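FYI, it's all coordinate maths here, none of it is from the lab. Everything numeric here is computed off the predicted structure, so don't read it as measured data. Cβ atoms come from the backbone with ideal geometry, glycine included; neighbour counts cover every protein chain shown.
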Amino acid sequence: MTESPAPVLLESLEARFSPGARRDDRPGFEGYIVEAARLLDFARVLRDELGYDFLSSVTGVDYLPDGRMESVYHAYRTTGGPGLVFKVQVPRDNPVVPSLVGLYPGAELQERESWDLLGIRYEGHPDLRRILTWDGFYGHPLRKDWQEAYFEEEGKPLKNRWPEGRVYRIEDKVPFHHNVKYPAGWTPEGWVPEGDNALYAALGKISSTDQDAADSMDTDQIVVNLGPQHPSTHGVFRMVVRLDGETIRSLKPVMGYLHRNHEKIGERNTYLMNMPFTDRLDYFCSMSNNFGYALAVEKLMAIRPPERAEYIRVLMAELTRIVNHMSAIGFLLNDLGAFFTPVMYAFEERELILDLFEMTSGSRMMCNYFRFGGLARDLPAGAMERARELVFNRLPRKIDELDRFLTGSEIIRGRCVGVGVLPREKAIAYSQVGPVLRASGVSYDVRRADPYSIYDRLDFDVCVRQNGDVYDRFMIRFDEMRQSLRILEQVVRDMPGGEIQTGKPQYQVRVPAGESYGRVEGPKGELGFYLVSNGKPNPWRYHVRAPSFINLTALEEMCKGNKLADVVVTLGSIDIVLGEVDR
Amino acid sequence: MYGIGILKGLAVTLQHLADSYLDDLRWLGRRYYNPEALAARQGTEGRGVFTVQYPEEKLPVPEEFRFIPFLIYEEGENGKQLDRCTSCGICAKVCPPQCIWIVRTTDAETGRPRPEPAEFYIDIDICMNCGLCAEYCPFDAIKMDHDYELASYDRKTRHIHDKQRLSRPLSYYAAIRPANFAREEALRAEKESAKEAAKEARKN
C-alpha cells in the first residue's frame, strides 16, 4: 500500500509556485520553503491535488542568529508513503503566518502551542490563546533568548559541576532573581488576573434559533467546568463545556497543568541526556518513546542498529503496546463506572510485562533502554524465557479473558455504541492518529505506511473498524493487542544472536547538522520527534509530536450533540496521558 | 436475551474470586511471607490475589534494578579505602539532571591534580535514576544501588549524599550484581594482562 509520491507533480510544484515556493537547499534539510503569502494556496494544492490529506505536525523553530522564525509542517497521505515537509520563514520581530486551521482543522491545538511557546502568530486562527503555559504568562519560552528562573547556562553539561563542584540546593538560590522578566511598567500589586473570560468567550454562545430541538421549552445554556481535578483518572485535565439542557453545544480542553517545557529542557540537554527524559512523556509507554527518539537521532547520524537490537526493540515496543491497550481498556471502564476491577485485571498482566522490562532495563516504567545505534544492554538470562511464557501462554489467555469479561456486556454496549462518533473524513481532517483514526475506518498505521526498523519484514494486519464510536475505539484495542501478539510470536521465534550496539557506546555523540523527523506507531498513535541539529552537542530544536495531545483536537467534534455523561467516556476512549499532552 | 453478556462477565469475576480462595487452600496458610509462594504468585502461572504484603513481604529486585548511584572502593591494607573513582568527571558530564558535583584533588606540593576525588556529592532529590553515570564510567567506579528505601523526615540534611555516604566496598557490589561483577572483573583482568604483555614486549 506504500506508493511513492508522484514525482512529476512534486517537480512541477516548485515551478508552479515559483518564486513562492522553493526547495529547502540547506545541507541536511529537505522539503519546501513557502512564502507566507502563498502558504494557503500551497497547502490547498497539496491537499486537494496531490493527496496529502493528513497534516501530521505543525511546529516552529527559532533561528535566532539568522533573525528568522520558521513554521514547519509535516503532511502525509493516508494511503501511505513518506511525508512532505514544508516551511514558512518569517522575520523574528514580526512572525506572522497564515493559519492552516481552515484547511486542516487538526492544526488548531498545534498552532496554539506554537504561538504559546514560540510566539508565532497564526493569522486567521479562530481561537489563538495560550495553551500549555498559563494565560498570564509573559514571553514565549521556546525562543532562544528566553531564560527560565534558576537559569544557569545555555547547554549541559554545566560548568560548575567539575572539576570544582560547588554543591547547592536549588531553593537556596533566589527564586525570583534577575532571570525573571516582567513586562515594562508591571507591578505585582496592581495586577488583576484576567480570569477565564477569554476561554468562556471562545466557547461561543449559540443563539436559540440554532437549536435543532424545535420544542417550545425555553432552556438556558450553562457553562460547566469538568476538572481540573481528575475529570476521570487520566491526570489533571479540564474540560469546559457549554450545555444546552444536558446536551453539549461546545467544548474546550484546558491543559498544561503538568507542563514543564520538555522541549526547552531537551534543547539544553545533550542528545543522550534526552533519552531518559523521553521516558517521562507518556509514562505508560517509555519504550515506544525511546524508540521514536532513537530513530530521529539515528536518521541524523545515518546509523542503524544491528539485527539483534532491532528485534529486541520491536519486542519491547509491542509489549508496551499490550501494556498500554490493556490499561486503556481498564481506564475506559473506570470512566464508565466499572470502578477499578477491569483496571486491576489489566494491571496484573502489566506487572508481569513490567517485570520483564525491569530485569532488562533496570526500571519498570522509566526504562531508558534505547541508545543511538543499539541498546543499553543485552537481554539478561531468563528474559527470553519470560517473554516466551508471556507471549505464547499467559497473554493470549488473559486477553481472551478480558474480552469475555467486557465486550459482551450490555451495559458497555449501551453506553458506548453510537457515542462520540467521529466520521472518517473528520478523523483525517482533525489529524487523528492511532486507534482513534483506525476506529474511524482509516487504514493507516506508520508501521505499514512508512515502515521503520524491521516492521516491513513482519507479518501483521492493520486493524480497522468502521463506526468511529467509543465502542469501536474500545474494540480496536483488543484487535491491536492480538496483532501485537502475532508480531511478538515472530520476534520471539526469530530472535537472532549477535551484537546489540553499532560502534562503541559513546556519551557524546556527534550529530551532523540538519533536520530529521523520526516517527513511530506508538500505542497512542503516531509519535514523532522533530530535531534540528547545528552540529553542536545539544540539539537546536527538539520537538515532540505528541499523539494524545493532537488527538484532543477532535474532542469537541466527538462530543458535540452528545450528553454530558458521555463526555468522560469519550475522553477515556481517546486514551490520553497527561505527561505527553502537557509536556 | 438481554443480560447474558453481563452474566458472562460476572462469571469471570466470580472465577477470580474463587481462585483467590482456592490458591489460599493450595498453599495451606503458607501463601504469604514465603519466598517460594511469592515467586509462584508473581510468576506467569500465578492465580488468585496478585498483591504483595509490603513491607512485610518484598519483591526481590532483579540484578539490573537501578536506584541512586554509589561509589565503589577496594579494600586495601589496614582497611584503607582505595577509591576506584579518578574524578575524570564523565559521570558529572553525562548526568541528565546534573546532580553530581565533584571536586578534584590537587596535590599540595606540586599543585597538579591527582586522580582521586576530594569531594563527591549527589543530590538524590534531583537524581532521576537513569543509570547513565554507571553505564559510561570507564573505571567501573560508580554503580547503581538496589536499596530503594531512602525516605527520611528531613531532606535538608539527608538528601545530599557526600562521598562517605556514597562509598560502598567492592564486595557489596559483587553481592548485589554478581553477573555484572563477574563480567566486568574478567574484562579488567583481560585488560591488565594485555597491558602487562605490552610492557614485556617493550622490555624485550
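By how many nm would the segment from B:A189 to B:R155 lengthen if fully extended, with 0.36 nm per residue of separation less the alpha-carbon distance?
8.1 nm
How much length is gained if the chain between A:D459 and A:E171 is pulled fully straight, taking 0.36 nm per residue apart and subtracting their Cα-Cα distance, in nm to one decimal?
Here the answer is 98.3 nm.
Can you tell me the equivalent ellipsoid semi-axes for region B:1-109? Use √(5λ) from the Cα gyration tensor, largest first, whole Å.
For region B:1-109, the ellipsoid semi-axes come out as 54, 21, 9 Å.
When the helices in chain A are scored as -39500 (n - 2.57) per DSSP H run of 4 or longer and the sum is shared across all residues, what 222 nm value do you end up with, to the nearest 500 deg cm²/dmol?
Calculated at 222 nm, the ellipticity per residue is -11000 deg cm²/dmol.
Quick one: Kirkwood hydrodynamic radius for region A:393-441, alpha-carbon pairs, angstrom, one decimal?
On the way: mean 1/r = 0.0777 Å⁻¹.
Answer for region A:393-441: a Kirkwood hydrodynamic radius of 12.9 Å.
Just counting partner chain Cβ atoms within 10 Å, what average do the residues of peptide A:272-279 show around their Cβ?
Per-residue shielding by partner chains comes out at 4.
Across the residues of A:147-156, average count of Cβ atoms on other protein chains within 10 Å?
1
Per q in 0.09 1/Å, what log10 I(q)/I(0) does a Debye calculation on the alpha-carbon atoms of chain A return?
For chain A at q = 0.09 Å⁻¹, log10 I(q)/I(0) is -0.71.
If you plug each phi of region A:160-170 into the Karplus form 6.51 cos²θ - 1.76 cosθ + 1.60 with θ = phi - 60°, what whole-Hz ³J(HN,Hα) values come out, in order, with x for Gly and Pro?
Coupling constants for region A:160-170: 7, 7, 7, x, 10, x, 9, 6, 8, 9, 4 Hz.
So what's the convex hull volume per residue for the Cα atoms of region A:322-375, in Å³?
Per residue, the Cα convex hull of region A:322-375 comes to 78 Å³.
Once both labels are modelled 7 Å past Cα along the beta-carbon direction, what's the A:D48-B:Y172 spacing in nm?
The two pseudo-label positions are separated by 7.1 nm.
Over all directions, what mean area does the Cα convex hull of region A:443-583 project, stated in square nanometres?
Over all viewing directions, region A:443-583 projects a mean Cα-hull area of 11.3 nm².
Please report Rg (one decimal) and Dmax (integer) in Å for the Cα set of region A:1-112.
13.7, 45
Tell me, what is the FRET efficiency for B:Q53 and B:I126 to the nearest 0.05, using R0 = 45 angstrom and their Cβ-Cβ distance as r?
With a Förster radius of 45 Å, E is 0.90.
Looking at region B:1-105, which chymotrypsin sites (Phe, Trp or Tyr not before Pro) are in a loop (DSSP not H, G, I, E or B) and have at most 13 other Cβ atoms within 10 Å? Please list the in-between numbers first.
On the way: sites: B:Y2, B:Y21, B:W27, B:Y32, B:Y33, B:F50, B:F65, B:F67, B:F70, B:Y73, B:W101; in loops: B:Y2, B:Y32, B:Y33, B:F50, B:F65.
In loop regions of region B:1-105 (DSSP not H, G, I, E or B), the sparsely surrounded chymotrypsin sites (Phe, Trp or Tyr not before Pro) are B:Y2, B:Y33.
Provide a whole-number value for the mean count of partner chain Cβ atoms within 10 Å of the Cβ atoms in peptide A:374-384.
Mean shielding by partner chains, rounded to a whole number: 2.
Relative contact order of chain A, please, whole-number percent, based on alpha carbon pairs below 8 angstrom and at least 6 residues apart.
Normalised by residue count, the contact order of chain A is 17 percent.
With respect to the cross-link table entries A:K560/B:K8; B:K93/B:K163; A:K252/A:K563; A:K264/B:K156; A:K504/B:K93; A:K299/A:K426, which display a Cα-Cα separation exceeding 22 Å?
Over 22 Å apart, Cα to Cα: A:K560/B:K8; A:K264/B:K156; A:K299/A:K426.
To the nearest 0.05, what FRET efficiency results for A:A36 and A:W191 with a Förster distance of 25 Å applied to their C-beta separation?
Rounded to the nearest 0.05, the efficiency is 0.10.
Across chain B, how large is the tail of the calculated P(r) beyond 22 Å, expressed as a percent of all Cα pairs? Present the calculation step by step, with values, prior to reporting the outcome.
Working: 13522 of 20706 pairs.
Of the Cα pairs, 65 percent sit more than 22 Å apart.
Which loop GluC sites (Glu not before Pro) in region B:74-134, with loop taken from DSSP, have no more than 11 other Cβ atoms within 10 angstrom of their Cβ?
B:E109
For region B:149-192, what are Rg and Dmax over the alpha carbons, in angstrom?
Final numbers for Rg and Dmax: 15.5, 46 Å.
In nm, give the distance between the simple-model label positions of A:R486 and A:A198, each being 7 Å from the Cα along the Cα-to-Cβ direction.
Calculated label separation equals 4.9 nm.
Going by amide H atoms built from the backbone, whose H comes under 5 Å of the H on A:S57, apart from near neighbours?
The list, which skips near neighbours in sequence, is A:H74.
If only Cα atoms are counted, what is the Rg of region A:337-495, and what is its Dmax, in Å?
According to the Cα coordinates of region A:337-495, Rg and Dmax are 17.7, 49 Å.
Taking region A:336-407 on its own, what percent of its Cα-Cα pair distances exceed 14 Å?
Pairs farther apart than 14 Å: 67 percent.
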